Amino acid sequence: MTKQPKPLQLADLLDTDGWPDAATELRRLHALVSACEPFLKEDETPAQRIERERRDTEAMCRLYARERALNAELLEALQSLIDMDVAYKRGPKVEDAVEAARAAISKATGEKA
């Protein structure tokens, strides 16, 4: 037979000593913490896990915002190529299109073309 965790042993003692409400609450709290165990690193508390999740979520939101901004810049660049095509009526010169694309990528990524 496997040994019960300490909180459940204490809950049994509380029941035996006439404290059924305390025993029930201890069992409830133990169940809440136990439900978190698959998500915890070694020696990590549920509160620490929540904090780690919050940091990870904030980092992902920053990356998502950066990618959305990059996407908007690239869409703007594509629209400028379309506008250039309309202005030339037969399509832009290849050199102009390449230069416009380089400028758009440079602007979107912050790197020199």
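Throughout, read-outs are computed from the coordinates displayed, never taken from laboratory work. Owing to the predicted nature of the structure, the values given are computational and were not obtained by experimental measurement. Heads up, the Cβs are rebuilt from the backbone with ideal geometry, glycines too, and the neighbour counts pull from every protein chain shown.
Helix 20-36: angle to the longest alpha-carbon principal axis of the chain, degrees 0 to 90, nearest 10?
With rounding to tens, the tilt is 30 degrees.
What is the helix-to-structure angle for 46-88, meaning the angle in degrees between its Cα long axis and the longest Cα principal axis of the chain, kept from 0 to 90 and rounded to the nearest 10?
Helix 46-88 sits roughly 10 degrees off the main axis of the chain.
Given a Förster distance of 41 angstrom, what is the FRET efficiency for Met84 paired with Lys41, based on the Cβ-Cβ distance and rounded to 0.05?
0.15
Which trypsin sites (Lys or Arg not before Pro) in region 6-84 pass both tests, a DSSP loop state and at most 15 other beta-carbon atoms within 10 Å?
Those that pass, being in a loop and sparsely packed, are Lys41.
In straight Cα distance, which aspartates and glutamates are under 14 Å from Lys93, not counting same-chain residues fewer than 8 positions off?
Once the sequence-local aspartates and glutamates are set aside, what remains near Lys93 is Asp83, Asp85.
Using a Gaussian network for the chain with springs between C-alpha atoms less than 10 Å apart, which of these wobbles most: Ala77, Ala22, Ala59?
Ala22
Distance between the C-alpha centers of region 94-108 and region 45-68? Whole Å please.
34 Å
Using alpha carbons only, how many degrees (0 to 90, rounded to 10) separate the axis of helix 94-109 from the longest principal axis of the chain?
Rounded to the nearest ten degrees, it is 30.
Scan (i) 66, 12, 10; (ii) 25, 21, 8; (iii) 21, 16, 13 for the value of semi-axes √(5λ) of the Cα gyration tensor in Å calculated from this model and give just the label.
So the structure-derived entry is (i).
Which aspartates and glutamates have a Cα lying under 14 Å from the Cα of Lys112, excluding residues fewer than 8 positions away in the same chain?
Glu99
May I ask for the longest run of the chain untouched by GluC sites (Glu not before Pro) that are loop-located per DSSP and have at most 11 neighbouring C-beta atoms (other than their own) within 10 Å?
Excluding the exposed sites themselves, the longest stretch runs over 43-110.
Cα convex hull of region 2-58: how many Å³ per residue?
Spelled out: Cα convex hull of region 2-58, divided by residues, is 89 Å³.
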